[in-house]
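K.L.:
Before I ask anything, here is the structure I am working with.
The values are calculated or read from the model by the stated rules, or taken from the named source; none is laboratory data. What you see is a predicted model, and the numbers here were worked out from it, not measured in a lab. Cβ sites come from the backbone with ideal geometry, for glycine too, and all protein chains shown count toward neighbours. Note: areas computed on protein heavy atoms with side chains; ligands, DNA, RNA excluded. Shrake-Rupley method; radii C 1.70, N 1.55, O 1.52, S 1.80 Å.
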2 protein chains.
Amino acid sequence: MLRSHTCGELRVSNVGQIVTISGWVQGVRDKGALLWIDLRDRYGITQITIETENADKDIVDCVRSLGREFVISVTGKVAERYSKSDKIPTGDIEISPVKIEVLNTAITPPFTIEDDTDGGDDIRMKYRYLDLRRNTVRKNLELRHRMAIETRNYLDKLNFLEVETPVLIKSTPEGARDFVVPSRMNPGEFYALPQSPQTFKQLLMIGGFDRYYQIVKCFRDEDLRADRQPEFTQIDCEMAFVEQEDILNTFEGLVRHLFKSVKGIDIPTLTRMTYADAMKFYGNDKPDIRFEMKFTELKSNFLDLVGGKGFPVFDNAPLVVGICAKGAAEYTRKQLDELTEYVKRPQIGASGLVYARYNTDGTIKSSVDKFYNEEELKKWVITFNAQPGDLILVLAGEENKTRKALSELRLEMGNRLGLRDKNKFACHWVVDFPLLEFNEELNRWHAMHHPFTSPKPEDMALIDSNPGSVRANAYDMVINGVEVGGGSIRIFNKQLQARMFDLLGFTKEEAQAQFGFLMNAFEFGAPPHGGLALGFDRLCSLFGGSESIRDFIAFPKNNSGRDVMIDSPSQIAQAQLDELAIKVELQTTK
Amino acid sequence: MLRSHTCGELRVSNVGQIVTISGWVQGVRDKGALLWIDLRDRYGITQITIETENADKDIVDCVRSLGREFVISVTGKVAERYSKSDKIPTGDIEISPVKIEVLNTAITPPFTIEDDTDGGDDIRMKYRYLDLRRNTVRKNLELRHRMAIETRNYLDKLNFLEVETPVLIKSTPEGARDFVVPSRMNPGEFYALPQSPQTFKQLLMIGGFDRYYQIVKCFRDEDLRADRQPEFTQIDCEMAFVEQEDILNTFEGLVRHLFKSVKGIDIPTLTRMTYADAMKFYGNDKPDIRFEMKFTELKSNFLDLVGGKGFPVFDNAPLVVGICAKGAAEYTRKQLDELTEYVKRPQIGASGLVYARYNTDGTIKSSVDKFYNEEELKKWVITFNAQPGDLILVLAGEENKTRKALSELRLEMGNRLGLRDKNKFACHWVVDFPLLEFNEELNRWHAMHHPFTSPKPEDMALIDSNPGSVRANAYDMVINGVEVGGGSIRIFNKQLQARMFDLLGFTKEEAQAQFGFLMNAFEFGAPPHGGLALGFDRLCSLFGGSESIRDFIAFPKNNSGRDVMIDSPSQIAQAQLDELAIKVELQTTK
């Protein structure tokens, strides 16, 4: 071993010992009579101190030749420092070297290896191996390691078996695009990389495995939005002989265990909200409930508190709905204009914003005073349960679009009012998702979760007459407004599964060709089962208080799916293509 | 939960409790007055007993309608059995049902779900989900789970971090064939699936991670021999600031921990053998040292105990070498003929077999008595250190071929003499592998391990004059004659790495294009590092006492790389090919 200790462990109790440490030169300071090296490794920084007058000339020369990020090994005696530092755990000691060996030199790195680096995203990705030397990046990956260990501890104790499912599987056009892999031994045929181990984990249940999990890479060939990766990791789980309640309890237990064991935080039992309520009160199927600010309706199918006053926007809108921002009545005209601009941005899509200030003196001032007198506005205040000092913000328009826009405005107000502290965690379940959603473009029903999700038995009567109203035994886990995962109770009956494929527009032949193996398996004694998958990258980034999953992946890809460090993807040799019986055929621009 | 207990946990202490268990019907016995169901789940089998006279008619009818592998849920009272069974842990109790619910029916499975099934390999693979219900298969996967957990426990305690490396990487033609993945977003370009995370783990060392591991899927598009899989799993590790000794110690610690924690076996410290000795004494770089039977030379470059006696086979052979099989002098003529046939098989390749029986009465009888008298044969006996009752078996011919053939014969004799007990484990290291091996076909040097392996510094002087004699800091771990893994100390210096690529026939441009990122990384302060990878499938099969890794993989592929259960690989849609800018081009038969 090229060290007896790490750079993070020496203390006053080690004073007098002869030790060897190895690491990277964080920096050298030269005060003439005294030289200092800060030597860094994964575990910390230790100071090496050389009194030039008393030290061996070779050592002094060596130290003066060191550059940043040189790799050296230092043998010397641990001494107590004259002036201690409380900034680092090794701040009470230093090492007086008797030998310094340069293990490797380094050219100047293209950015500083500091918590606050001067390197931009692109350069840090190109030199990711240098970026990984930074404390912040390393800590993120250490957190990820700890999360994985604790996930396994929890599930192992509950008799879950980790089973590896295959990576080279079969392409199924349902859902997102597959990455495919040409098979040399079966020319003209392709494997696909799994978007999830869904069918395999169901087969494991049929195989009697009863409690399965896997921390597993999955793949989706989607156009990458910020913070999506073509390969990502899931905590994938399935249980047999269970009902929805059992799964919710088991996995809220997992998340609470993770918060406790990894972050030392006790989080309360997860609350539950129906999908219908989530849409009604938050306009969003993954509401951030770190703060209240629920939607309040002024006009809907069932009521109208604002009609007939001559304000055409409200009169013509099927929905008038708003939020009450606590203590924001003092917002300036400029701030309100900003909010109006915000909701009118194309990605939000509202046509305008109506506000009503409920001033601390009890007066109410709105942007629609022309149409609504103080008495009318009093009704708003009562409906919103507003207090003096609150600000009411109202949008109007088509139902879905307006709820969606108000949801964005609510989150924006949450940000502005400091209600979305990344160190505070609000976790809950959203349940009773619709089984199906209608795809206008393709003019057919889509499975909202996936085609294996079980409808609620009590809603089955509606499956022909009103498919859109059938609810599923499906659930999502939401933390701080982020969907960290979801799952469902599965269909385990061949006839129902066939019915489902039919509803989703599969012909019998297509269903058989793609999922015949699963439907056949259902005939041999399939137990009731269900499960869920949690996005592991996302969960780690939430625990780490970051918005970016990239920070929690050792070697991420950029938005074009490229690894800029190794320069991949890349062209391959003609011989490889020939062996695989494929040919590249680039489209000419139309 | 559709059960209060599993089918494996009820005991006499539960007698009197009302319980619910769920599982598969292993079988129903109908004796008229009494009905029994054996109900099975992952945890065991529990007997349900129905007295037809006293039982509810519905229950009796239900039970009589049950078939094998029906999934049922049974609620009833735990009772002590009249006639207990010591064959199963629940053999002291039975359940008197008050309610039986059929959760799912089952058609007759194509093979019996028993330890000794009547299903052949092909049918069991097609219905792998039924095969997984068999105890033996499930136990193999439970063992695998336990091995993974204990591997992580051991490495986690030693500060190893599990870091996930990417699956979509870059194709490098060196080594085995890559599986490739066309990139839709980068038309005409391809990712490759990793044959190992080699370069990434080295970059992690350069990134200061210092101790890395991963239990990770790797991929090789090779023609599949029996018991090779296109996707396989490795325990992949790397350490920085270490020497070979540190790695050997760390990972022999891992294997000893696994034997202790998983199988309760204390194995001794691993012995070490040089590659040169392995070849000299066993003709094999992964000798099975559960038994001795080392090679003994009668003629080589350095000695000749058999020449000039008129036996042309020995006179013309550069090598005459044999083994001494303890206690096998009684072998019949038929048995010796079998052995001769064995070594003459094309895959063994010897031209014949010479034997000498050292009979218990002290006489010696050989197949070459015509050329060697008793006095000459006495020399053999002394050279082989044979005892009365032993059988000496000798091969002659070209050096490498003869050693290889004798190695096979040695293993065959080990089998015949019962010296290769699968419940006995002999683990050791083979060290000091050659750095390079010459590929006659391509007329150039190949890296014996891989191009990143470091030559031994003391042998560097020979690198130009005699490259074949340069030894590497490379090592393999061998258990019972199976190479379970290997690794090396790596090159961490750009110049040496470039020199290595040059030796291996890379042009500067090729080296830069394929491995430029790694060589560039070496310039920024690369620490000394090394590591190894253990074949996890293989390790599990050894621990499970099986020769087949397939038995330890949940969903294996067959020798054509097909998953016959899901019928993959398969053709994909034209639209998919178009999006990927590729075209299938099947070769017409020549």
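K.L.:
Highest first, please rank the peptides B:533-544, B:87-98 by the mean number of other Cβ atoms sitting within 10 Å of their residues. Don't jump to the answer; show the numbers that get you there.
P.N.:
On the way: B:533-544: 22.9, B:87-98: 18.8.
Averaged packing, sorted descending, gives the order B:533-544, B:87-98.
K.L.:
Same structure, new question: Which order do the peptides B:564-570, B:373-379 come out in when sorted by mean C-beta neighbours inside 10 angstrom, highest first? Don't skip to the answer; put the middle values down first.
P.N.:
Working: B:564-570: 21.4, B:373-379: 13.7.
Result, highest mean first: B:564-570, B:373-379.
K.L.:
How about segment B:26-129: which chymotrypsin sites (Phe, Trp or Tyr not before Pro) there are in a DSSP loop, with at most 14 other Cβ atoms within 10 Å of their Cβ?
P.N.:
On the way: sites: B:36, B:43, B:70, B:82, B:111, B:127, B:129; in loops: B:43, B:70, B:82, B:111, B:127.
Those that pass, being in a loop and sparsely packed, are B:82.
K.L.:
Evaluate the charge dipole of segment B:12-104 about its Cα centre and quote only its size in Debye, nearest 20, assuming +1 on the Cβ of each Lys and Arg and -1 on the Cβ of each Asp and Glu. Could you put the intermediate results ahead of the total?
P.N.:
Details: 12 positive and 14 negative charges, 41 e Å.
In debye, rounded to 20, segment B:12-104 gives about 200.
K.L.:
Let me ask something else about it. Can you tell me the length gained on complete extension of the stretch residue B:363 to residue B:398, counting 0.36 nm per residue apart and subtracting the Cα distance? Kindly include the intermediate steps, with their values, before the conclusion.
P.N.:
On the way: separation 35, 0.36 × 35 = 12.60 nm, distance 3.08 nm.
The span from residue B:363 to residue B:398 would gain 9.5 nm if fully extended.
K.L.:
Put the label 7 Å from Cα along Cα→Cβ for residue A:388; what are its distances to the other copies, in nanometres, shortest first?
P.N.:
Nearest to farthest, the other copies are at 11.9 nm.
K.L.:
Okay, moving on. With label points built 7 Å along Cα→Cβ from the Cα atoms of residue A:96 and residue A:257, find their separation and express it in nm.
P.N.:
5.2 nm
K.L.:
Measure up B:126/B:217; A:217/B:126; A:557/B:494; B:378/B:422; A:126/B:157 against 29 Å on the Cα-Cα distance and list the ones that go over. Numbers along the way, then the final one.
P.N.:
Values: B:126/B:217 23 Å; A:217/B:126 25 Å; A:557/B:494 26 Å; B:378/B:422 36 Å; A:126/B:157 32 Å.
Beyond 29 Å: B:378/B:422; A:126/B:157.
K.L.:
Same structure, new question: Could you sort the peptides A:100-106, B:58-64 by per-residue average Cβ neighbour count (10 Å cutoff), highest mean leading? Walk me through the numbers before you get to the answer.
P.N.:
On the way: A:100-106: 17.9, B:58-64: 15.7.
Sorting A:100-106, B:58-64 by mean packing, highest first, produces A:100-106, B:58-64.
K.L.:
To the nearest whole number, what is the average tally of beta carbon atoms from other chains within 10 Å of the beta carbons of peptide B:151-164?
P.N.:
4
K.L.:
While we're here: From the label point of residue B:142, set 7 Å along Cα to the beta carbon, how far off in nm is each other copy's matching point, shortest first?
P.N.:
3.8
K.L.:
With a cut-off of 20 Å, note down the residues of segment B:270-291 whose backbone N falls inside the zone around a label point 7 Å from the Cα of residue B:437 toward its beta carbon.
P.N.:
Answer for this model: B:273-289.
K.L.:
Another question, if that's okay. Just from its helices, what would the mean residue ellipticity at 222 nm be for chain B, if runs of 4 or more DSSP H residues each count -39500 (n - 2.57) and the sum is divided by every residue, rounded to the nearest 500 deg cm²/dmol? Before the final figure, lay out the partial values.
P.N.:
Values: 15 runs with 163 residues, N = 590.
Taking each H run of at least 4 residues, the total per residue is -8500 deg cm²/dmol.
K.L.:
Further question: Hey, what's the per residue convex hull volume over the C-alpha atoms of segment B:103-166, in cubic angstrom?
P.N.:
163 Å³
K.L.:
With label points built 7 Å along Cα→Cβ from the Cα atoms of residue B:558 and residue A:153, find their separation and express it in nm.
P.N.:
It works out to 4.5 nm between the two label points.
K.L.:
Additional query: Given charges of +1 on the Cβ of Lys and Arg and -1 on the Cβ of Asp and Glu, with all other atoms neutral, how large is the dipole of the protein assembly as shown about its Cα centre, in debye to the nearest 20? If you can, show how the numbers build up before the last one.
P.N.:
Numbers: 150 positive and 172 negative charges, 206 e Å.
That gives the protein assembly as shown a dipole magnitude of about 1000 debye.
K.L.:
Considering only the other residues whose Cβ falls under 13 Å of the Cβ of residue B:150, what net charge follows from Lys and Arg at +1 and Asp and Glu at -1? Kindly include the intermediate steps, with their values, before the conclusion.
P.N.:
Numbers: positive: A:152, B:144, B:146, B:152, B:157, B:256, B:260, B:263; negative: A:156, A:162, B:142, B:156.
Neighbour charge sum, excluding residue B:150 itself: +4.
K.L.:
Just which residues of segment B:94-138 lose 50 Å² or more accessible area with every protein chain there, against their chain alone, with the probe set to 1.4 Å?
P.N.:
B:104, B:107, B:129, B:133
K.L.:
Rounded to the nearest percent, how much of the accessible area of the protein assembly as shown (1.4 Å probe, protein heavy atoms only) is carbon and sulfur? Intermediate values should be presented prior to the final figure.
P.N.:
Details: 23620 of 48890 Å².
Heavy-atom surface of the protein assembly as shown belonging to carbon and sulfur, 1.4 Å probe: 48 percent.
K.L.:
For helix A:508-522, report the angle its Cα long axis makes with the longest principal axis of the Cα atoms of chain A; keep it between 0 and 90° and round to the nearest 10°.
P.N.:
Roughly 70 degrees, rounded to the nearest 10.
K.L.:
Over the whole of B:547-554, what's the average partner chain Cβ count within 10 Å per residue? Rounded to a whole number, please. List each step's numbers first, then the result.
P.N.:
Values: counts 0, 0, 0, 0, 0, 0, 4, 12.
Going residue by residue through B:547-554 and averaging, the value is 2.
K.L.:
Explain nothing, just the number: dipole magnitude of chain A about its Cα centre with +1 on each Lys and Arg Cβ and -1 on each Asp and Glu Cβ, in debye rounded to the nearest 20.
P.N.:
Values: 75 positive and 86 negative charges, 169 e Å.
Computed about the Cα centre, the dipole is about 820 debye.
K.L.:
Taking a label point 7 Å out from Cα toward Cβ, give me the nm distances from residue B:112 to the same spot in the other copies, shortest first, one decimal.
P.N.:
7.6
K.L.:
Please state the relative contact order of segment B:317-423 as a whole percent: Cα pairs under 8 Å, 6+ residues apart? Walk me through the intermediate numbers first.
P.N.:
Details: 156 pairs, mean separation 44.3, N = 107.
Once normalised by length, the contact order is 41 percent.
K.L.:
Turning to a different aspect of this structure: So for chain B, averaging the separation of alpha carbon pairs under 8 Å that are six or more residues apart and normalising by length, what relative contact order in percent results?
P.N.:
The value is 12 percent.
K.L.:
Multiplying the sequence separation of residue A:496 and residue A:301 by 0.36 nm and subtracting their Cα-Cα distance, what value in nm do you get?
P.N.:
Gain in length upon complete extension: 66.7 nm.
K.L.:
Quick one: compute the contact order of segment A:385-474, relative version, from alpha carbon pairs under 8 angstrom and 6+ residues apart, as a percent. Don't skip to the answer; put the middle values down first.
P.N.:
Numbers: 74 pairs, mean separation 21.2, N = 90.
Once divided by the residue count of segment A:385-474, the mean separation gives 24 percent.
K.L.:
Can you figure out the FRET efficiency of residue B:226 with residue B:571, using R₀ = 30 Å and their beta-carbon distance, to the nearest 0.05?
P.N.:
On the way: r = 28 Å, r/R0 = 0.92.
The value I calculate is 0.60.
K.L.:
Also, quick follow-up: How many partner chain Cβ atoms sit within 10 Å of a residue's Cβ in peptide B:200-212, on average, as a whole number?
P.N.:
6
K.L.:
Averaging over every viewing direction, what projected area does the convex hull of the Cα atoms of chain B cover, in nm²? Display every interim value, and only then the final one.
P.N.:
Values: hull surface 150.2 nm².
Across all orientations, chain B yields a mean hull projection of 37.6 nm².
K.L.:
Related question: With the other protein chains left in place, how much accessible area per residue, in square angstrom, belongs to the protein assembly as shown at a 1.4 angstrom probe? Don't jump to the answer; show the numbers that get you there.
P.N.:
On the way: 48890 Å² over 1180 residues.
In whole numbers, the protein assembly as shown has 41 Å² accessible per residue.
K.L.:
What length, rounded to one decimal in nm, is gained on full extension from residue B:309 through to residue B:15, with 0.36 nm per residue of separation minus their alpha-carbon distance?
P.N.:
97.5 nm
K.L.:
Over both sides of the A-B contact, add up the buried accessible area with a 1.4 Å probe and give it to the nearest 100 Å². Kindly include the intermediate steps, with their values, before the conclusion.
P.N.:
On the way: alone 30080 and 30090 Å², together 48890 Å².
Interface between A and B: roughly 11300 Å².
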